[in-house]
Amino acid sequence: MRFTKDHEWIAQSGDVATVGITNYAAEQLGDVVFVELPEVGRTLKPGDSLAVVESVKAASDVYSPISGEVVEINEQLSGNPEGVNQSPEDLAWFAKVRLSNPSELDGLMDRAAYEDYLAGL
Amino acid sequence: MSDEINLQKTVLHAAHVALGARMVPFGGYDMPVQYREGVLAEHRWTRESAGAFDVSHMGPSFLSLISRTGDADKDHAAVAAVIEPLICGDIAGLKPGQIRYTLLLNDEGGMVDDLMIARPFEPQHQGGLYIVVNAGTKDGDFAMIAAAAAGRARLERADDRALVAVQGPQAAQAFAVMVPDAAGLTFMTHRRLDWQGHELVVARSGYTGEDGFEVLVPAAAAARFWDQLLADERVKPVGLGARDSLRLEAGLPLYGHDADETVSPVEAALTFAISKRRRLAGDFPGASRILAELEDGPDHVRVGLRVLEGAPAREGADIADEAGEVIGRVTSGGPSPSLGYPIAMGFVPPELSGLGSRLKVIVRGKAAAAEVVPLPFVAHRYVRKV
């Protein structure tokens, strides 16, 4: 698993990457009541909005850390947005993306580096 | 971090930090947006039991005649005459102890603020008024009131004390353990009551739609008061996050969002706050515009919306008619924890404001169906008889 400074995680399996938000991000957002996911087939580049996560207080954008095409989204989240609080780094993944530039993952943090980054916040 | 330097702290700040609150800047103060359980749990607890809110950032104050006759009714009439030229409410007609929700207006009939004005109950305090204004507008409001009162009455700010709200179906029983006489108050009345030798100003009022009290507490007693309130298992601390979702469900406007200096009371659907005596006399700021709007209708009016599909519509979202033409804007909105669907308030033309009117809200470029529904979204549970 790789991590971004914006508190997303990316798990690579072959040429497909699964993307979600970290425990830290989920805790900061508070109770998630709505998740808007991208359409399957959409092409993303780094910085594009990948999802919008809404709490009672606010709507927060989740930006794509990678380039590629959305091949699957987590349909479970539409009926169960609170899953983002319960299992952010596992069951509540947002989207699977076919990587068009896998080398983009090289610049991201590993778990240890992300933990160090969190400790410094 | 730099913007934290100038933030003010309420007298309960340390108590919030000790409770694990997440603190955010709000109205110039460092305030608890939520405690450990989070906004949803705090919202639901307030609807089911009772929430305690620190609202000391608001602007409580006392307006007092400089010279009194000692005749209660004459002194009340005199102090009412000081404040009435600024507002559209009938203050002269208040009974001892009664509170009125009213509006500070500018000469164009726009709302400078919404506020509570109360006539003291106690004979020795006649000739005074208890006035509570909003946090973000308090400096301007106080300057406006003090200028109007010059030479006749003095305005004493009380925002160095604590203002604590306790709200919810269990609020009255829980608070009566601390202050038994509070149980004798009805909605929109207040008294000065003793708690452990400290004089409190206890108002049966609030901003959640629930029964409850808003209590002005001397600074020196505030931390002990707050701790004793929370020692009751029916009461939990509730932050500003849930305060906002509760007031939205209650259909209550938030000044600076659902109303501002350009918005008239008629547009804001607050015509009930224009007292009959004042309406007949037409003797309030901006009366020509406001009376014309009462007669002919305003150009647009605040309504409640239920969003029927998709994401919550929040402040700033466009409202469109069924053909897709933008006809208004959301001024407050979000998910309703009590109802389980998104709700919003916004301004639309009168011809589209009827109950059941079908509209669209535009969220992130997507149009979603919405319907005009009655306000409040969640029924008020005020206690009007005891």
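Overall, the accessible surface of chain A at a probe of 1.4 angstrom is composed of carbon and sulfur to the extent of 45 percent.
Here region B:201-324 is treated as an ellipsoid with the same Cα gyration tensor; its semi-axes, largest first and in whole Å, are 34, 24, 11.
Taking every alpha-carbon pair within region B:299-386, the share separated by more than 15 Å comes to 53 percent. Here chain B was treated as a single set of alpha-carbon atoms; its pair distances binned every 20 Å from 0 give 28, 59, 14, 0 percent.
Note on B:37-45: average number of Cβ atoms from other chains within 10 Å of each residue's Cβ is 3. At full extension, B:Asp260 and B:Asp73 could sit 63.9 nm farther apart than now, given 0.36 nm per residue minus the alpha carbon distance. Legend: calculated FRET efficiency, B:Arg381 to A:Ala58, from the Cβ-Cβ distance at R0 = 35 Å, rounded to 0.05, equals 0.80. Of the accessible area of region B:299-386, computed with a 1.4 Å probe over protein heavy atoms only, carbon and sulfur atoms account for 50 percent.
Net length available on complete extension from B:Arg154 to B:Asp139 is 3.9 nm, with 0.36 nm assigned per residue and the Cα-Cα distance removed.
All C-alpha pair distances within region B:59-157, sorted into 10 Å bins from zero, spread as 17, 55, 25, 3 percent across the bins. For a straight C-alpha distance cut-off of 18 angstrom, the lysines reachable from B:Lys138 (same-chain residues fewer than eight places away being disregarded) are B:Lys9. Of the residues B:Gly324, B:Leu355, B:Leu294, the one whose Cα sits farthest towards the positive end of the charge dipole of region B:283-371 is B:Gly324 (charges of +1 on Lys and Arg Cβ, -1 on Asp and Glu Cβ, taken about the Cα centre).
Over all pairs of different C-alpha atoms, region B:169-252 has a mean inverse distance whose reciprocal, the Kirkwood radius, equals 13.4 Å. Shown for region A:53-101: residues covered by the partner protein chains by 50 Å² or more of accessible area relative to the chain by itself (probe radius 1.4 Å), namely A:Glu54, A:Val56, A:Lys57.
Per-peptide packing, taken as the mean over residues of other Cβ atoms within 10 Å, places A:90-96, B:41-47 in the sequence B:41-47, A:90-96 from highest down. Surface burial for B against A, with a 1.4 Å probe and both sides summed, reaches about 1300 Å² of accessible area. Each Cα pair under 8 Å and six or more residues apart adds its separation to the average, and for region B:240-317 the resulting relative contact order is 31 percent.
Size descriptors for region A:8-47, from the alpha-carbon set: Rg then Dmax equal 12.4, 33 Å.
Which of A:Ala25, A:Asn80, A:Phe3 sits farthest toward the positive end of the charge dipole of region A:2-101, with +1 on the Cβ of Lys and Arg and -1 on the Cβ of Asp and Glu? Value computed over the given set: A:Phe3.
Taking 7 Å steps out from each Cα toward its Cβ at B:Ala292 and A:Gln12 produces label points 6.8 nm apart.
Counting only the Cα atoms, chain A fills a convex hull of 93 Å³ per residue. Here region B:240-386 is assigned +1 on the Cβ of each Lys and Arg and -1 on the Cβ of each Asp and Glu. Its dipole about the Cα centre then comes out at about 800 debye. Here the accessible area of region B:1-136 is 55 percent carbon and sulfur, with a 1.4 angstrom probe and all protein chains present. Evaluated with a Cβ-only charge set (Lys, Arg +1; Asp, Glu -1), region A:64-121 carries a dipole of roughly 120 debye about its Cα centre, given to the nearest 20. Working note: Cα atoms of the protein assembly as shown, range along each principal axis, descending, whole Å: 88, 54, 41.
Straight Cα distances below 13 angstrom link B:Lys276 to the aspartates and glutamates B:Asp90, with same-chain residues fewer than 8 positions distant left out. For region B:336-364, a reduction of at least 40 Å² in accessible area between the chain on its own and the assembled protein chains (probe 1.4 Å) is found at B:Arg364. Over the protein assembly as shown, accessible surface divided per residue gives 42 Å², non-protein components excluded, 1.4 Å probe.
Its relative contact order, with pairs defined as Cα atoms under 8 Å and 6+ residues apart, puts chain B at 18 percent.
Over region B:59-157, Cα pairs under 8 Å with separation of 6+ residues give a relative contact order of 37 percent. Dipole size of the protein assembly as shown about its Cα centre, with +1 on Lys/Arg Cβ and -1 on Asp/Glu Cβ: approximately 1680 debye, rounded to the nearest 20. Helical content alone sets the calculated 222 nm signal of the protein assembly as shown at -6000 deg cm²/dmol, taking -39,500 (n - 2.57) per DSSP H segment of four or more residues and averaging over every residue. Candidate cross-link partners of A:Lys45 among the aspartates and glutamates, defined by an alpha-carbon separation under 14 Å and a same-chain spacing of 8 or more, comprise A:Glu69, A:Glu104.
The values are calculated or read from the model by the stated rules, or taken from the named source; none is laboratory data. This structure is a prediction, so every number in the text was calculated from the model and none was measured. Glycine gets a Cβ as well: all are built from the backbone with ideal geometry, and neighbour counts include every protein chain shown. Keep in mind that these areas ignore ligands, DNA and RNA; they rest on the heavy atoms of the full protein, side chains included. Shrake-Rupley method; radii C 1.70, N 1.55, O 1.52, S 1.80 Å.
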